[in-house]
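Enquirer: Just dropping this structure here.
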Amino acid sequence: MAGKIIKKVLILRTDYYGALREGGTVTISLGPVNSLLKKGIECYFQSCGINYFPPQCKYFFVKHSNLLLNLPEIYNLTYTHKAAKTAIRVIKDNNIDLLFQFHSIMNYSGTLIKRKLGLPFVLHVDGVEYWAKQNWGRKLFLKNHLKWAEMIQWDTADIIDVPSVKVKEMIAQYSSVDLGKVLVNPNGVDADKFHPNIDTHNLKRKLLLENKFVLGFFGTFGHWHGVDILAESIKILKNHLNNFIVLFVGDGVMRPQVEEIINKNNLGPFSLLTGMIDYKSIPQYMSLCDVLVSPCVSNPDFDLFNSPVKLFEYMAMGKAIVATDVGQQSEIIINGYNGILCEERSPESLAEAILKFYKNPELMEKCSSNARKDAIEKYSWDNHTQKILDAVEKIL
Amino acid sequence: MILLVLLSGNADKIIEKNSLHNDIEIIKVDEKDFYDYKDFLKKLKKRNYHRIYYGCLDIKFQRFIFFMHFFNLLSGMKKGAIIDEKGNRIKILNIKTILFEVPFFIFQFLLGLLVTVIYFFRILYNKWRAKL
């Protein structure tokens with residue numbers, strides 16, 4: 001229905017992602033764009049980084065100031081007006097019906113565009129930047145600029161699209177915004193790209209994984225991914241399993257800790273770290289695995305608030321999943337139905353859940369097919385974008 | 001021994017494209033680690049490296065170039081470079097850091113202060129308008 005009203009969308013990404021082509025931040029914009037294109041909606045994308053979109057999506061590059069690239073908070077400030085100026089021209093020239101912006105620090109471009117042109121404005125907020133900078137950043141500079149810019153955007157947006165209830169709660173905690181316009185809309189997956197029927201014969205042989213029970217972790221090795229807990233669990237698993245390997249795909253700040261655990265405990269024969277791989281190859285690597293693991297951990301003073309894209313990809317692959325009982329994972333994984341939940345920060349609990357699957361192939365089969373079914377029915381990008389379009393239709 | 005400070009991208013690709021065949025130690029760091037300059041400098045001085053390379057996905061999109069020049073200077077290293085997955089490189093020379101990069105950064109910093117003040121009022125005005 002709504003697709004008939006909205007014909008052209010400008011997607012604005014204002015954060016500095018540089019040359020990054022892989023990872024969650026790319027997927028959460030690529031997934032919706034592909035889905036909108038499938039629905040016959042024309043997509044225009046404006047950003048300051050590399051273009052990772054299909055050619056049907058028209059791309060506009062607006063660079064950050066080279067002069068201020070050593071001062072991140074400040075170049076983000078000046079980018080607000082620069083990005084808005086180009087976006088206003090693109091919207092006018094192409095008769096665009098909807099503005100969709102990915103929220104980023106110190107930026108209120110969407111507000112300036114909305115005020116000038118009056119078109120519907122959807123703001124996608126993955127988390128409160130003020131909170132993230134305070135808790136994850138090394139130092140918080142210009143905290144009033146940051147907090148106020150964020151509030152301006154929340155006040156002006158017609159719809160605030162958030163991936164989880166926790167993010168909605170965070171917004172409520174930091175502002176007096178009308179929560180009626182906050183749409184809780186989990187991230188999703190492209191179930192045509194992530195599916196169970198992928199031939200892995202050659203890759204399995206190349207990586208020497210034939211006849212092995214393969215466990216897999218995919219992600220950016222961030223503090224909240226709990227990848228070190230998975231490495232710790234290998235110590236327990238090796239006492240119970242003979243022929244197994246843990247495949248660590250990705251890279252990031254926690255990699256040295258993971259390598260240290262592996263080297264200190266002589267776990268080399270049971271682990272394989274691939275580093276970063278192309279996003280296109282990820283389904284094939286996931287397909288190698290018998291069990292996929294999401295060992296995420298809570299934040300120090302706030303439960304895990306993100307919507308783990310990787311979990312939806314695991315589900316669409318039709319694989320047995322072990323996930324920690326935190327944040328949105330607790331809502332999505334139904335213990336014994338589409339996966340197994342385990343305690344966070346507990347290598348023992350993680351190993352126990354993996355062994356449960358190993359010892360019970362029927363449970364594995366049941367959980368795998370239910371996970372795939374749920375991914376298609378509830379967590380596809382098509383569902384995700386349809387929810388946004390329906391919400392926009394209501395305000396038009 | 002060469003030290004490759006991996007900021008982003010794939011270490012193997014960076015090594016291959018830049019023909020780094022010598023004995024290499026790789027450390028993965030986040031750009032945020034530059035804030036903890038003491039810890040970071042310790043890592044650079046851990047061994048007697050004869051060259052430090054900063055590896056990234058694409059130099060064209062790389063931030064904090066000044067800090068890489070500056071850390072090289074502070075670590076007492078004479079040579080180094082910022083390199084990427086495509087084989088591009090920016091040479092790091094201490095003389096260039098002292099004569100060009102440091103004065104230019106001071107200029108950037110002063111400009112940044114001005115921008116901060118201007119945007120304080122711009123944001124305040126927009127905050128007021130958003131509440132209307």
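The values are calculated or read from the model by the stated rules, or taken from the named source; none is laboratory data. Nothing here was measured: the structure is a model prediction, and the numbers come from that model. Quick reminder, even Gly has a Cβ in these numbers, built from the backbone with ideal geometry, and neighbours come from all protein chains shown.
Enquirer: I'd like the full set of residues that are part of a loop (DSSP other than H, G, I, E, B) and within 14 Å of chain B (Cβ to nearest Cβ), limited to the range A:89-113.
Expert: A:Ile105, A:Met106, A:Asn107, A:Tyr108
Enquirer: Spot the failing condition for B:Leu111; the list is (1) of a type outside the set (Asp, Glu); (2) in a helix (DSSP H, G or I); (3) facing another protein chain (nearest Cβ under 9 Å); (4) closer than 25 Å to A:Gln257 by Cα, and only one is missed.
Expert: The failed condition is (4).
Enquirer: Residue by residue through the range A:349-386, note down the ones that are among the small types (Gly, Ala, Ser) and part of a helix (DSSP H, G or I).
Expert: A:Ser349, A:Ala351, A:Ala353, A:Ser368, A:Ser369, A:Ala371, A:Ala375
Enquirer: Can you pull out the residues in the range A:54-88 that are part of a loop (DSSP other than H, G, I, E, B), buried (at least 20 other Cβ atoms within 10 Å of the Cβ) and without any contact (Cβ under 8 Å) to a residue 24 or more places away in the chain?
Expert: The answer is A:Asn70, A:Leu71.
Enquirer: Check A:Cys289, A:Cys296 and return the single one that is under 19 Å from A:Phe213 (Cβ atoms), assigned to a loop (DSSP other than H, G, I, E, B) and not polar (S, T, N, Q).
Expert: Just a single option satisfies the conditions, and that option is A:Cys289.
Enquirer: Continuing with this model, one more query. So A:His64 clears everything in (1) modelled with pLDDT of 95 or more; (2) touching a Cys at 6+ places or on another chain (Cβ under 6 Å) except one condition, right? Which one?
Expert: All conditions are met except number (1).
Enquirer: Turning to a different aspect of this structure: Are any residues in the range A:142-161 at the interface with chain B (Cβ under 9 Å from one of its Cβ atoms) and not in a helix (DSSP H, G or I), and if so, which ones?
Expert: A:Leu142
Enquirer: Report, by residue number, each residue of the range A:24-49 that is surrounded by 18 or more Cβ atoms within 10 Å (Cβ to Cβ) and part of a loop (DSSP other than H, G, I, E, B).
Expert: Correct list: A:Ile41, A:Cys48, A:Gly49.
Enquirer: Would you be able to tell me the number of residues in the range A:325-348 that are in a helix (DSSP H, G or I) and under 25 Å from the mean Cα position of the chain (by Cα)?
Expert: 7
Enquirer: Given (1) in contact (Cβ under 8 Å) with a residue 40 or more places away in the chain; (2) surrounded by fewer than 22 Cβ atoms within 10 Å (Cβ to Cβ); (3) over 25 Å from A:Pro163 (Cα atoms), where does A:Arg21 come up short, assuming only one miss?
Expert: (3)
Enquirer: What helices (runs of 4 or more DSSP H) completely inside the range B:3-104 contain at least 2 residues that are over 14 Å from the mean Cα position of the chain (by Cα) and modelled with pLDDT of 90 or more?
Expert: B:11-17
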